[in-house]
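Shown next, in structure tokens, is the structure this report addresses.
The values are calculated or read from the model by the stated rules, or taken from the named source; none is laboratory data. Computed from a predicted structure; not experimentally measured. Here Cβ is always computed from backbone atoms with ideal geometry, including for glycine, and neighbour counts include all displayed protein chains. We work out accessible area using only protein heavy atoms, side chains counted, and drop any ligands, DNA or RNA first. Shrake-Rupley method; radii C 1.70, N 1.55, O 1.52, S 1.80 Å.
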Amino acid sequence: DGRLTFYPGNQTVDLPFINFMKRYGTVFLNAYTNSPICCPSRAAMWSGLFTHLTESWNNFKGLDPDYVTWMDLMEKHGYHTQKYGKLDYTSGHHSVSNRVEAWTRDVDFLLRQEGRPMVNLTGDKKHVRVMEADWQNTDKAVTWIKEEAVNLAQPFVLYLGLNLPHPYPSPSTGENFGSSTFLTSPYWLEKVTYEAIKIPKWSSLSEMHPVDYYSSYTKNCTGEFTKQEVRNIRAFYYAMCAETDAMLGEVISALRHTGLLKKTIVIFTADHGELAMEHRQFYKMSMYEGSSHVPLLVMGPGVKEQQQVPNVVSLVDIYPTMLDIARIPVPQNLSGYSLIPLLRGKAENEVSPRGPRPSWVLSEFHGCNVNSSTYMLRTGKWKYVAYSDGRSVLPQLFDLSDDPDELTNVAIKFPVIVRSLDKVLRSVVNYPKVSSSVQEYNKRQFISWKQSLGQNYSNVIANLRWHQDWLKEPKKYENAIDKWL
């Protein structure tokens, strides 16, 4: 959650290396994901293109494996490149559950797709390495910096992808595992200031926007939660962020130790945030701030120190920025704009060859846990969220200066603003058309998956993450699928 990297969010947990980056670099106050879920978001970051252009509709459908990323171009231009850890931007990964849930989101049924969010404390006050796989990848990156990078004659680019602070798999959700367990140790929990944790306000279930209700239901969050449960989920999430911060610290320390820190640009960002029980949801897949607002911090030569940038930016800006750093000509067809002018503290009127950076960012979502394609335009104090064809589902409009917690949809109150923002959105993406092509894609994929089984698909579907609901009334749900098809 990007809001943890600046005030007041940073009061809840101690993040010393994020603070280090702020002191010696630039923090973006309004950075957004272009799609609040792993694979589509990463596809946007590696390609510099919006989701409707990459057609990365869900966690199963990303970029082609041979897609030319900014790292490929840097390698071609003489950079030594190295990748460790989670990449997750190409097609064909993630569980059957993920796919089928995304494809069947237009089916008229409510099935819980996730385990109920919960916390789990492990180890003692000396237990530092909770997310072992991430630590191993961090160790590899550190070793590479100390043994390889330091001896290179050419410039290098190193990518380290972490899984934290992602919730952990919860075996209770069936063979395909949702990830609904917030896991940490007492060591990290001590870094969290419990008194500073805000308990989010919730609308009543009957007042929720229909898409929010669907998300809350499929995420298993419509039941009763005590304040203590909610506070704990949030605290454990913040503790997981503290562990992530320590991994960033290992990389910074290795650069410092080898004398590379002064001549290396360091970028810290994320594919999406975590709702941690805001809006009666956990996980991502939402345009609310907790899910769509990402951290973005940059430090290094030429980057202004102690700078806070208020401009809206997004992950598609990484591609042109990386090429700009390497002085590689930036292709004209990208959705993103280089961050270099902002990082140097220059006024926006120092225009790039492509013209000025737009005053808005776009995020869109087409995957599971949400029963409609969703489009978010963030500009100035406004966040406008449109759904599906723009007619069948009511839009949402939030005034973030007046209502930072996004509790009041003011779309009906400000029809003129809705019309003007909708016009801007349609100038960027023909969203009714995109929504309809996603619907066709979902149906096509589901039919071919169903045919590939060559047996009663219901037996397979009954064992997905929603098995507990499905098995109560399988006929009812099969009929709903038949009706949809």
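Accessible area ranking (1.4 Å probe, heavy atoms, ligands and nucleic acids excluded), largest first, for 219, 472: 472, 219.
If you take the C-alpha gyration tensor of the stretch 193-324, multiply each eigenvalue by 5 and take the square root, what semi-axes do you get, largest first, in whole Å? All intermediate terms of the calculation are to be shown ahead of the outcome.
On the way: eigenvalues 250, 69, 27 Å².
Semi-axes, largest first: 35, 19, 12 Å.
Mean sequence separation of contacting Cα pairs (under 8 Å, at least six apart), scaled by the length of the chain, corresponds to a relative contact order of 24 percent. According to a simple spin-label model (label point 7 Å from Cα along Cα-to-Cβ), what is the distance in nm between residue 258 and residue 66? Roughly 3.3 nm, to one decimal. Here's the picture: charge each Lys and Arg Cβ at +1 and each Asp and Glu Cβ at -1 in the chain, and of 308, 185, 220 the one pushed furthest to the positive end of that dipole is 308.
Please work out the FRET efficiency for the pair residue 475 and residue 206, using the Cβ-Cβ distance as r and a Förster radius of 35 Å; give the result to the nearest 0.05.
Values: r = 29 Å, r/R0 = 0.82.
E(calc), rounded to 0.05, equals 0.75.
Taking R0 as 60 Å, what FRET efficiency do you get between residue 195 and residue 455 from their Cβ-Cβ distance, rounded to the nearest 0.05? The computed FRET efficiency comes out at 0.60.
What's the FRET efficiency of residue 468 with residue 163 using the Cβ-Cβ distance as r and R₀ = 25 Å, to the nearest 0.05? Each step should come with its number before you reach the end.
Details: r = 26 Å, r/R0 = 1.04.
The pair residue 468/residue 163 has a calculated efficiency of 0.45.
Normalised by the number of residues in the stretch 20-128, the average gap of Cα pairs under 8 Å and 6 or more apart makes the relative contact order 22 percent.
With 20 Å as the limit, the listed pairs 219/472; 146/304; 381/423 have 146/304 beyond it between alpha carbons. Listed cross-link partners 76/263; 201/284; 86/433; 22/191; 450/475 are compared with a 23 Å cut-off, the Cα-Cα value being larger for 86/433.
Hey, got the dipole for the stretch 16-371? About the Cα centre, +1 on K and R Cβ, -1 on D and E Cβ, debye to the nearest 20?
Working: 34 positive and 36 negative charges, 182 e Å.
Roughly 880 debye, rounded to the nearest 20.
The helix-based estimate of mean residue ellipticity at 222 nm for the chain, built from -39,500 (n - 2.57) per DSSP H run of four or more residues and divided by its residue count, is -10500 deg cm²/dmol to the nearest 500. The Rg/Rh ratio of the stretch 445-484, with Rg taken over Cα atoms and Rh as the Kirkwood radius over Cα pairs, comes to 0.95. Along the Cα→Cβ direction, 7 angstrom out, place labels at residue 125 and residue 447. What is the inter-label distance in nm? About 6.3 nm, to one decimal. Positive contributions from Lys and Arg (+1) and negative ones from Asp and Glu (-1), summed over other residues with Cβ under 12 Å from the Cβ of residue 282, come out at 0.
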